[in-house]
Amino acid sequence: MEQNSTRRIWSMIAGGVFIALGIFVISNPIKSLQTGVLIVGMLMLVGGVLAVIDAMSLPKVLSMRQTLLFDAIMLVLMGALFTFGNTFIASTALSYILLWWFILTSIIQIQFSFVIGKTWVKLASNAVNLFVIAMSIYTMFNPLLANSVLAFAIAYNFIFMGVSRLGIALFD
């Protein structure tokens, strides 16, 4: 019983922190995006250096060693770009990665919609997915809009994570 109430308290605290972070990102999208890019860059840089060390420690006869080493070096280069480069360019690159993810996910959802039995649900699903594809392509032609989409996607993700944590704490 004691452990369950402690878990609920920590879950409520985590939910409140996530909601506060989401509101902060919405109220300061540019600074939040710049800070997020720096954090991602530093994590990629550290992860890349650790991956280089890990790849170098593998035996030379291992066929995947070169691939792992190449992947690690690319991670270091991307981390350096995000950490030491222009934050607008780095955030735009992250935004375009997110937009491509939206497009590919919508294409996959359209393919999966063919197994939906009800016609109106299939049409509604396809309409929403085609709208997401069209808006993502439109957003790719405006880097400022792409950065805004990334900032608000991060903010709403924090808010939904917070609401989820609160829901778990209250109803689990």
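The values are calculated or read from the model by the stated rules, or taken from the named source; none is laboratory data. Just so it is clear, the structure is predicted and the values come from calculations on it, not from any experiment. Note that we place each Cβ from the backbone using ideal geometry, even for glycine, and neighbour counts take in every protein chain shown. The area values use the complete protein model at the heavy-atom level, side chains included, leaving out ligands, DNA and RNA. Shrake-Rupley method; radii C 1.70, N 1.55, O 1.52, S 1.80 Å.
Quick notes on this one:
- A cut-off under 13 angstrom between Cβ atoms defines the neighbours of Leu170, and their net charge, with Lys, Arg +1 and Asp, Glu -1, is +2.
- Label of the coordinate-derived value, Rg and Dmax of the Cα atoms in Å, listed as (1) 25.9, 82; (2) 14.9, 42; (3) 20.7, 58: (3)
- Solvent-accessible area per residue in the stretch 1-55 equals 67 Å², computed with a 1.4 angstrom probe and all protein chains kept.
- In the stretch 83-145, the portion of solvent-accessible area held by carbon and sulfur atoms comes to 79 percent [1.4 Å probe, whole percent, DNA, RNA and ligands not counted].
- Note on surface exposure: Phe84, Phe158 rank Phe84, Phe158 by accessible area, highest first, 1.4 Å probe.
- Local net charge near Ser11, Cβ-Cβ under 14 Å (Lys/Arg +1, Asp/Glu -1): +2
- Peptides 121-128, 76-83, ordered by how many other C-beta atoms sit within 10 Å of their residues on average, highest first, read 76-83, 121-128.
- Computed [θ] at 222 nm, deg cm²/dmol, the chain (DSSP H ≥ 4; -39,500 (n - 2.57); rounded to nearest 500): -31000 deg cm²/dmol
- Computed over protein heavy atoms with a 1.4 Å probe, the accessible surface of the stretch 67-133 works out to 65 Å² per residue.
- Spatially, the stretch 1-59 and the stretch 121-157 are offset by 24 Å when compared through their Cα centroids.
- About the Cα centre, charge dipole magnitude for the chain (Lys/Arg +1, Asp/Glu -1 at Cβ), debye: 200 debye
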